[in-house]
Every structure is written in C-alpha cells, then in structure tokens.
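For reference, the structure is listed below as structure tokens.
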Ligand SMILES: Cc1cc2nc3c(=O)[nH]c(=O)nc-3n(C[C@H](O)[C@H](O)[C@H](O)COP(=O)(O)OP(=O)(O)OC[C@H]3O[C@@H](n4cnc5c(N)ncnc54)[C@H](O)[C@@H]3O)c2cc1C
C-alpha cells in the first residue's frame, strides 16, 4: 500500500479505545509520523466487558483484528429484555447470523482487556509513549504545540484529543464546562461462568428492566466469564472510576426482590465496583484548525445503547480516512471529520438517554404500551425492529468518507 506523499506529524492524546483505533488506522493507511501520548505509566484495561455493535466490529475487521477478536469474543444470539421480577420476555431481538448478514459484521461481547490488547498488539506497544500526561496545548498557522506535565514540549501538525470524558484539551478548546452528572450509578462485576453455571444463563445480551433501574449481563472471554452491569439511582455517589470497589450486600439491596438469575449472578461474583455516570449534551463544534476531539472527549454518553466505545472506534477510522484523503491540508481533514461525525454522534448520545428512560419506565400506561409494542414485534417477527436500528448498525465509515471526499487514494490493509 502506498503511503501518503505528505507525512504530517500527528499527535494523539490518550491510548484508550478511540485513540488506539485512530493510531492503528493511521498506521494501516501509511502514516509514519504518529505519536500517541498516554498519561498512565502502565497500559492496562479494567476488568469489565464491552458490547461491540456490528458498526464497530466492521471497523475492527477492516483494521485486521478479526482473528484476534474471534479468539476471545462471544457472539450473542439475541438481546432478550425481560421483566425484572417475573422474568417474562418483553423483547427478543436477534443478534446472531441474521444480524451479521444484514450489517456485514457480527455483534460481539469482549473483555475490555482483550480488545485493548488486540489494538495494542496490532499498533505496537513501543509506539505508545507512556507516562506522558498532556497539560496544555496551543496552535498557530504553522502547527500545534503540546506541553506535558513533565515539562517536555512537543510539536506537530495535528492534535487529536482522545483523552476521555474529562479531556483537558476539550476544556481549553471549548466551553470548559464539566460533564453533566446523570444521577445514575453503574454497579458492575464479573463472575466466573463455572460458578454461575447453575443459573443456566443464555448466550444473549440479557437485559432486565425494572422501575428506576436495569441490569444487563453477557458472556465474555470466550465464554469463561459473565460480565454484568446494574444501573441504579446514584444517591450521594459521584466518583467515576473503573476501580472504585463497592460492597456486594449494597448491590443485593439495590436489586432486592429481582429475579433469582440477577441475584444469583451478583452472589456468584467476587469484587463489585461502582461508577457514577456522566454525559454531555451534543456539541456541534469539536474542531478548531489543527486540533480536534475524538470519542468520549467529544461526545460522552450514557451506556444504554452500548455505543460509547463503538462511536470512538468509528471516529478513529473516519479521522484516519479523512487525513489520508487530505494529508497536505490537515485542517481541512479535521473539519471534514467533524462535519461527518457530529450529527450521528449527537443522535447516539440523545438516543442513549431516551433508552434509559424507556428501560426505567414507572408510568403503568407507558410501561404497558412499551411491553405490548415489543412483544408484538417479537411475536410477528416484524421487520420494523430492524428499521429501528439500521441507522445505528449499518453505518459504513469508508462509504461516508467517500461520499464526502471522493474515492479512496489508499485503503486500510
Ligand atoms: C459502565 C459503562 C459501560 C459501558 N459499556 C459500553 C458498551 O457495552 N459498548 C460501548 O461501545 N461502550 C460502552 N461504554 C462506553 C465506553 O467505555 C467509552 O465510550 C469508551 O471507553 C471511550 O473511549 P475513549 O478512547 O474515547 O476514552 P477513554 O477510554 O476514557 O480513554 C481515554 C484515554 O486517555 C488517557 N488520558 C486522559 N487524560 C489524558 C491526558 N491529559 N494526557 C494523556 N492521556 C490522557 C486516559 O488514561 C485513557 O487511556 C460504557 C461505559 C460505561 C461507563
């Protein structure tokens, strides 16, 4: 594959899912002058699962990660949403073969560490500069400057801020306001599948909808573990951290009276963790000249469509494709990336909030209408169910970029 004739120096702040996807896509497209700056000294993902919609898996396949994912992922057969107490099925949405055929890639569940390892192995750990926390940035017509907390200063042609929901670069670039606290908290844990075998948990996205809260569980690690998340009102808890431990008795109290599978899975789990949920309203501008935002830095969302990571993966591929089309004019490439991504990610952000309201419905009439609508769609196998998610899962980064900037000059291989 031919490398771009012009090689801009590209700085990426943050080696999370979004930053690493961008870095890997740029490498595949022939960019040789990319520097990833990560604040942590040791790269390791947390012990949690992640759902990857076909829109994200398609990108990871383009980047050559298909075999690595196949070795560790679990492909769920369906999303089965059930009543919190009785276990009655409200909605059964197929995610197996039918979904893979319709969208050109499967729906997958993976352990975050497995996804991170696959990205790192493909990109090269040696290419990530660890222990480099970005403190501040500036730009002028000639380029960008990044100052690290260590005192070091770096120069580049482009800065991609993939530094997460509390992005310092976003704070400098945009309004500087903190993200919005949603009033919700995610309890999470991971059980050994052997220890939960007696519960007969199905290979689905198993969602349990109850008043003011919901619970989701699914297999990861090639079926060896079961990941779960329980969303509840946050009370006084405000800390957002993948490593903040909680008390299992507290989770069991939150899910008092819930179906025996939910309670049994919590009981079969070792450590439990809690994470306060934050998001932002959609924002129409993320790019200024040679600097742009990506992933949670640009559009953090509540995880109720399981799409925050997927959107950062799409961002990473789209930005690389835009730079490959316009390597001689990085500012125009970043502007095209923003124009391609703001409307879609805003829809996903707002759709995620709406999904939470639907899951946690307490109004008896609205709940009845919800349940009847989904049960009818399940019983009649209505095509309407696909039409509701086509916009989300069918997105094709390459086609979107080609429609805006013309056909590819170089293709990821
Ligand atoms: C409970 C929960 C469940 C979720 N489930 C799903 C799901 O099933 N599917 C899905 O697609 N999404 C899910 N998400 C969302 C997903 O986790 C995020 O959207 C995704 O991790 C965002 O990736 P990112 O790379 O943009 O940011 P991050 O993952 O936050 O990565 C940011 C990186 O930048 C580094 N960094 C931060 N500041 C600096 C700095 N100043 N200098 C240098 N480096 C810095 C950080 O150390 C980190 O490595 C979930 C989120 C939560 C909270």
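The values are calculated or read from the model by the stated rules, or taken from the named source; none is laboratory data. Quick caveat, the model's predicted, so the values are computed rather than measured. Quick reminder, even Gly has a Cβ in these numbers, built from the backbone with ideal geometry, and neighbours come from all protein chains shown.
Do we have residue 226 as within 16 Å of the ligand (Cβ to nearest atom), crowded, with 20+ Cβ neighbours inside 10 Å and not in a helix (DSSP H, G or I) here?
Yes: the conditions hold for residue 226.
Give the residue that is farthest from the ligand (Cβ to nearest atom), with candidates limited to residues of region 145-156 that are under 23 Å from residue 329 (Cα atoms) and over 27 Å from the mean Cα position of the chain (by Cα).
So the residue we want is 155.
One line per residue, one yes/no per condition, for (1) in contact with a strand residue (DSSP E or B) (Cβ under 6 Å, 6 or more places away or on another chain); (2) surrounded by fewer than 23 Cβ atoms within 10 Å (Cβ to Cβ); (3) modelled with pLDDT under 95:
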residue: 324; (1), (2), (3): no, no, no
residue: 357; (1), (2), (3): no, yes, yes
residue: 364; (1), (2), (3): no, yes, yes
residue: 371; (1), (2), (3): yes, yes, yes
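Among the candidates 174, 252, which residue alone is in contact with a helix residue (DSSP H, G or I) (Cβ under 8 Å, 6 or more places away or on another chain), away from the ligand (no atom under 14 Å from the Cβ) and either farther than 30 Å from residue 40 by Cα or in contact (Cβ under 8 Å) with a residue 12 or more places away in the chain (or both)?
After applying the criteria, what remains is 252.
Is it the case, given these coordinates, that residue 302 is within 23 Å of residue 214 (Cβ to Cβ), touching a helix residue (DSSP H, G or I) at 6+ places or on another chain (Cβ under 9 Å), within 12 Å of the ligand (Cβ to nearest atom) and assigned to a helix (DSSP H, G or I)?
Spelling it out, it is not the case that residue 302 is within 23 Å of residue 214 (Cβ to Cβ), touching a helix residue (DSSP H, G or I) at 6+ places or on another chain (Cβ under 9 Å), within 12 Å of the ligand (Cβ to nearest atom) and assigned to a helix (DSSP H, G or I).
Mind listing whichever residues of region 118-142 are farther than 13 Å from residue 161 by Cα, touching a helix residue (DSSP H, G or I) at 6+ places or on another chain (Cβ under 8 Å) and surrounded by 13 or more Cβ atoms within 10 Å (Cβ to Cβ)?
118, 119, 120, 122, 123, 127, 128
Within region 25-38, is there a residue that is under 24 Å from residue 392 (Cα atoms) and without any contact (Cβ under 8 Å) to a residue 12 or more places away in the chain?
no
Among the listed residues 205, 262, 216, identify the single one that is surrounded by 13 or more Cβ atoms within 10 Å (Cβ to Cβ) and free of Cβ contacts under 8 Å to residues at least 40 places away in the same chain.
216
Within 11 Å of the ligand (Cβ to nearest atom) and touching a residue at least 12 places away in the same chain (Cβ under 8 Å): does that describe residue 162?
yes
Could you check region 85-109 and list, in sequence order, the residues that are in contact with a strand residue (DSSP E or B) (Cβ under 6 Å, 6 or more places away or on another chain) and modelled with pLDDT of 95 or more?
108, 109
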